[in-house]
């Protein structure tokens with residue numbers, strides 16, 4: 001290659017590289033504005049509808065509680081610890097599948113105008129204290145933030161709404177959970193209770209894709225491989241101490257400055273790494289291209305893994321003559337013309353077929369939303385995110401209806417007639 005061609009090649013390479021990184025900057029700015037615009041849209045909608053909207057950040061709410069001498073923490077998700085495990089005082093490293101017990105817990109998002117703040121139960125979940133000790137527990141719902149109760153008040157979430165009909169109902173949900181974390185939650189916190197019914201809550205928006213990152217964690221995969229328990233229920237004090245230390249020392253700056261779970265220095269390094277790797281640009285290209293053969297195969301593999309997970313749950317539930325229901329929840333993009341259906345949501349038919357093959361009772365939240373007069377109204381301010389109180393109640397009602405239609409199960413469960 002002569003010098004002229006080398007210069008031309010170098011100029012093309014440099015200009016292409018600069019163009020790529022300019023595109024990455026533009027996408028990062030767009031993503032930041034989009035995140036801010038969602039909150040701004042909610043505030044504007046609340047103003048138009050004359051609804052109070054608490055504009056404080058989760059960090060500000062946290063500091064206000066602490067200024068008043070109240071012990072409070074932001075909600076911690078198990079997904080924070082998939083790569084860097086939580087280290088207990090005895091040196092053991094784990095993925096905690098719960099939050100901090102018996103403390104004021106502040107949810108990260110405010111989607112309705114009033115941020116979810118609750119007193120966690122004795123194991124760090126969102127239930128009234130003492131529910132884990134109820135004799136002959138009837139129902140346990142297992143899932144992610146939808147079971148945790150995101151976006152609605154404590155007495156308005158799906159678990160609370162089911163509890164109004166069936167008092168002995170417990171929710172075991174943490175934001176960000178995927179099927180393997182949920183299997184772990186089932187093994188660690190539900191098996192010992194032997195409830196008459198497990199309701200497995202599946203969200204089409206990300207549950208299937210969550211399996212990718214969860215399969216990289218040894219603790220979570222061991223739940224599937226051998227059903228091993230790490231006795232997390234018995235280590236609540238140790239987990240509490242480690243989570244509090246994680247919150248108050250290693251991440252004290254993040255509580256004040258923003259995103260929980262990482263220091264500002266670590267967040268800066270992560271952002272630099274993402275920028276160098278052109279993460280946003282590559283993600284955009286993947287979206288435009290659509291799912292390729294490799295990603296389709298990956299979704300099929302994840303569906304097979306989900307089947308194995310549910311098979312293990314079903315096997316264990318059968319040992320105490322319990323029942324397993326599968327609740328399917330739809331994503332916002334199904335009802336918004338401005339959004340594209342996620343790859344996970346496109347697997348609806350295959351998920352229905354999978355549940356049918358396992359002979360598990362299927363509760364179709366998608367059909368419930370499809371048949372509703374105005375599905376968009378089931379999302380706060382008609383904006384993407386979690387569900388409204390009305391949506392939570394509709395889902396609870398369909399769970400209750402499914403239980404009442406199961407004569408053998410209904411006769412075993414304590415209920416309040418309404």
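Annotations
- Test: residue 77 is farther than 20 Å from residue 186 by Cβ and in contact (Cβ under 8 Å) with a residue 40 or more places away in the chain: no
- Filter pass, residue 220 being under 20 Å from residue 303 (Cβ atoms), surrounded by fewer than 20 Cβ atoms within 10 Å (Cβ to Cβ), touching a residue at least 60 places away in the same chain (Cβ under 8 Å) and touching a helix residue (DSSP H, G or I) at 6+ places or on another chain (Cβ under 8 Å): no
- Scanning the range 125-137 for residues that are part of a loop (DSSP other than H, G, I, E, B) and either more than 21 Å from residue 156 (Cβ to Cβ) or free of Cβ contacts under 8 Å to residues at least 12 places away in the same chain (or both) yields 128, 130, 134, 135, 136, 137.
- The combined condition, being touching a residue at least 60 places away in the same chain (Cβ under 8 Å), surrounded by fewer than 22 Cβ atoms within 10 Å (Cβ to Cβ) and not in a loop (DSSP other than H, G, I, E, B), is fulfilled by residue 191.
- Of all residues making up the range 315-345, the number that are farther than 28 Å from residue 410 by Cβ and within 19 Å of the chain's Cα centre (by Cα): 9
- In the set (1) in a helix (DSSP H, G or I); (2) within 24 Å of residue 362 (Cβ to Cβ); (3) over 15 Å from the mean Cα position of the chain (by Cα), the condition left unmet by residue 236 is number (2).
- Filter pass, residue 364 being farther than 13 Å from residue 202 by Cα and at pLDDT 95 or above: no
The rows are residues; the columns are (1) assigned to a helix (DSSP H, G or I); (2) touching a helix residue (DSSP H, G or I) at 6+ places or on another chain (Cβ under 8 Å); (3) under 20 Å from residue 184 (Cα atoms).
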site	(1), (2), (3)
299	yes, yes, no
308	yes, yes, yes
313	yes, yes, yes
327	no, yes, yes
342	no, yes, no
363	no, yes, no
368	yes, yes, no
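- Subset of the range 388-407 [out of contact with any strand residue (DSSP E or B) (no Cβ under 8 Å at 6 or more places or on another chain) and in contact (Cβ under 8 Å) with a residue 60 or more places away in the chain]: 388, 389, 392, 393, 396, 397, 400
- Restricting 93, 48 to those that are in contact with a strand residue (DSSP E or B) (Cβ under 6 Å, 6 or more places away or on another chain) and free of Cβ contacts under 8 Å to residues at least 24 places away in the same chain reduces the list to 93.
- Failed item, numbered, when residue 83 is tested on (1) surrounded by fewer than 17 Cβ atoms within 10 Å (Cβ to Cβ); (2) under 23 Å from residue 222 (Cα atoms); (3) touching a strand residue (DSSP E or B) at 6+ places or on another chain (Cβ under 9 Å): (3)
- Any hit, the range 302-325, residues being at pLDDT 95 or above and at positive phi: yes
- Only a single item in (1) in contact (Cβ under 8 Å) with a residue 40 or more places away in the chain; (2) in contact with a strand residue (DSSP E or B) (Cβ under 8 Å, 6 or more places away or on another chain); (3) surrounded by fewer than 24 Cβ atoms within 10 Å (Cβ to Cβ) is not met by residue 200, and it is number (3).
- Number of the exception - residue 113 against (1) without any contact (Cβ under 8 Å) to a residue 40 or more places away in the chain; (2) on the phi > 0 side of the Ramachandran plot: (1)
- Residue 129 over 11 Å from residue 386 (Cβ atoms), in contact with a strand residue (DSSP E or B) (Cβ under 8 Å, 6 or more places away or on another chain), surrounded by fewer than 19 Cβ atoms within 10 Å (Cβ to Cβ) and at pLDDT 95 or above: yes
- For residue 49: the one exception among (1) closer than 27 Å to residue 387 by Cα; (2) crowded, with 19+ Cβ neighbours inside 10 Å: (2)
The values are calculated or read from the model by the stated rules, or taken from the named source; none is laboratory data. What you are looking at is a predicted structure, and each value in this text was computed from that prediction instead of being measured. All Cβ positions, glycine included, derive from the backbone under ideal geometry; neighbour counts span all protein chains shown.
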